[in-house]
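Asker: One structure coming up, written as structure tokens, with questions to follow.
The values are calculated or read from the model by the stated rules, or taken from the named source; none is laboratory data. On a predicted model such as this, the values are computed, not experimentally measured, just so you know. Using ideal geometry, Cβ is built from the backbone for each residue, glycine included, and neighbour counts are taken over all protein chains shown.
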Amino acid sequence: MGKNVVIVGGGLAGLAASIYLARGGRNVTLFEKRTYLGGRAITTHRHGYRFNLGAHALYRQGHAASVYRELGIPVRGKSPATSGAALFRGDAYRLPSGIFSLLTTSLLSFRGKRELVAAFVRVRRNEAARVADQTLGAWLDARFTDARARQVMEAFFRLFTYANDAREQRASLALAQARLGLRGVLYLDEGWQKLVDSMHSAAISSGVHFVSSARIVGIVHDDRVRAVELGGLDLDADRMDTQAIAFPADDPEMVEGALIPADTVLLAVDPTTAASLAGNTGETWTRAQRVNAACLDVGLRALPRPRATFALGIDEPTYLSVHSAAAHLTPKGGALIQLVRYGGSDAAADERALEAMLDRFQPGWRELVVHRRFLPSMTVSNALVTPANPRPSVNTSVRGLYLAGDWVGDEGLLSDAALASARAAARAILAET
Ligand SMILES: Cc1cc2nc3c(=O)[nH]c(=O)nc-3n(C[C@H](O)[C@H](O)[C@H](O)COP(=O)(O)OP(=O)(O)OC[C@H]3O[C@@H](n4cnc5c(N)ncnc54)[C@H](O)[C@@H]3O)c2cc1C
């Protein structure tokens, strides 16, 4: 009992957990419904350009980085420059992202600058550990009287947490993520697929069995887990070209409707899927609001304005960053720009706003396009954490059933939360007797 573990979901969380568990002596089988692994961390190749699924940055000192270190997964990339532009009421200002730019920007008044510095000092000094269970809105109310300085701070919170309306967020998590953001992020060479591929190789050499194109459609349990039910094939024509992994293992038992006995199951999927697989047990998992964004990813033959590599909207929830300025993502001379409209609820308006931002900072880009792609409504995080909506723990009320993902556990945000919960779930499983 407890030696065989089934993992459902082959994104970063499922992959990391599979390595911990296999190295801990468990016999691990991972089921992924798609033909490829990686979930939201995939990178697509187009004409030699490597497109992550929207702008992705790894927090250098976050939980994810510590998991990669522990698992021996190489992380190669570079920190982007911290200077850039702030877009406010259609005009570009120097972004107050460091002492010099803060002193010299004409975006803020003296009082605004003083309040912003004081707020950043608090973030750096680990304010997260001091705030009680309050919202970020309440924290901002107590720190700012200058409306514009507050908008600038909110824009930085958007950048660090990806949440458009960050005010409802639990302050402690948002502040902790902002502190990590100030300590630096990495844009990864060859994209996040590198992490996925390295974890896949590490998992294979640790003995993990992979079954792809295999959707799990149910968990059979009473007070403890008994089996998982296999559904049909789920072929994704879009991705058949790259990174396809082995088809259902050459095992006659891997057929639709098969019940695969399991006494330990880790659900590393989104909360809606987890709840439908687990039945009544998962009723509360879907309550949280999702964090969405619209993304415009553009590969260019050349960059019209090589110095305009970063811009942040202050009164508009927008972001533009030339990821290829820091990471190897394009053929020589090319550029890969990623734009985001946080929130992203009206596809046509989001696309227009992002193209206008590109026109503003990289005029002439349209003539240089090699490949562009607009992703209207991406789920960046499955759960906005608010004081009223804490995330569930990795343990569930069913014996042998565990959870991992960006909506689970109380550590970190984004992929930091996915990997911190994967590690916590693996530890809990390994501690089972
Ligand atoms: C636009 C965008 C930008 C982002 N930027 C950042 C960033 O800058 N920094 C950062 O740290 N993070 C960022 N993230 C978040 C990061 O990508 C995710 O946190 C991470 O990839 C989540 O991994 P996961 O394994 O928890 O979930 P997922 O990647 O969603 O993986 C879940 C997997 O489960 C599979 N699955 C689902 N149902 C079933 C089933 N029934 N049977 C079998 N398999 C199933 C899915 O196919 C999928 O492969 C961003 C995400 C997006 C979308």
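Asker: Among the candidates Arg360, Arg373, which residue alone is at pLDDT 95 or above and away from the ligand (no atom under 13 Å from the Cβ)? Before the answer, list the steps.
Answerer: Working: Arg373 fails: away from the ligand (no atom under 13 Å from the Cβ).
Matching residue, one of Arg360, Arg373: Arg360.
Asker: Condition first: of a type in the set (Asp, Glu) and either modelled with pLDDT of 95 or more or surrounded by 21 or more Cβ atoms within 10 Å (Cβ to Cβ) (or both). Now tell me which residues in region 268-307 satisfy that.
Answerer: Asp270, Asp297
Asker: Hey, among Ala249, Ala203, Ala214, which residue is modelled with pLDDT of 95 or more and either of a type in the set (Gly, Ala, Ser) or away from the ligand (no atom under 14 Å from the Cβ) (or both)? Steps first, answer last, please.
Answerer: Values: Ala249 fails: modelled with pLDDT of 95 or more; Ala214 fails: modelled with pLDDT of 95 or more.
Just a single option satisfies the conditions, and that option is Ala203.
Asker: In addition: Residue pairs, Cβ under 7 Å, 6 or more apart or interchain, first in region 370-394 and within 17 Å of Ser415 (Cβ to Cβ), second within 12 Å of the ligand (Cβ to nearest atom) and of a type in the set (S, T, N, Q). List them.
Answerer: Partner pairs satisfying both residue conditions: Met378/Asn292; Thr379/Asn292; Val380/Asn292; Val394/Ser421.
Asker: Now a separate question. Would you mind listing the helices (runs of 4 or more DSSP H) fully within region 101-164 where at least 3 residues are among the β-branched types (Val, Ile, Thr) and more than 18 Å from Asp315 (Cβ to Cβ)?
Answerer: Those helices (runs of 4 or more DSSP H) span 110-124.
Asker: Collect the residues in region 77-89 that are modelled with pLDDT of 95 or more and under 26 Å from Ala335 (Cα atoms), keeping them in residue-number order.
Answerer: Gly77, Lys78, Ser79, Pro80, Gly84, Ala85, Ala86, Leu87, Phe88, listed by residue number.
Asker: Still on this structure, I have one more. Give region 252-267 a look and list any residue that's at pLDDT 60 or above and either farther than 12 Å from Phe31 by Cβ or acidic (Asp, Glu) (or both), or say none.
Answerer: Once the filter is applied, which keeps residues that are at pLDDT 60 or above and either farther than 12 Å from Phe31 by Cβ or acidic (Asp, Glu) (or both), region 252-267 yields Glu253, Val255, Glu256, Gly257, Leu259, Pro261, Asp263, Thr264.
Asker: From (1) at pLDDT below 95; (2) buried (at least 18 other Cβ atoms within 10 Å of the Cβ), pick out the condition that doesn't hold for Gly112.
Answerer: Failing condition for Gly112: (1).
Asker: Restrict the check to region 408-423 and report whether at least one residue is away from the ligand (no atom under 15 Å from the Cβ) and on the phi < 0 side of the Ramachandran plot.
Answerer: Yes; the residues of region 408-423 include at least one that is away from the ligand (no atom under 15 Å from the Cβ) and on the phi < 0 side of the Ramachandran plot.
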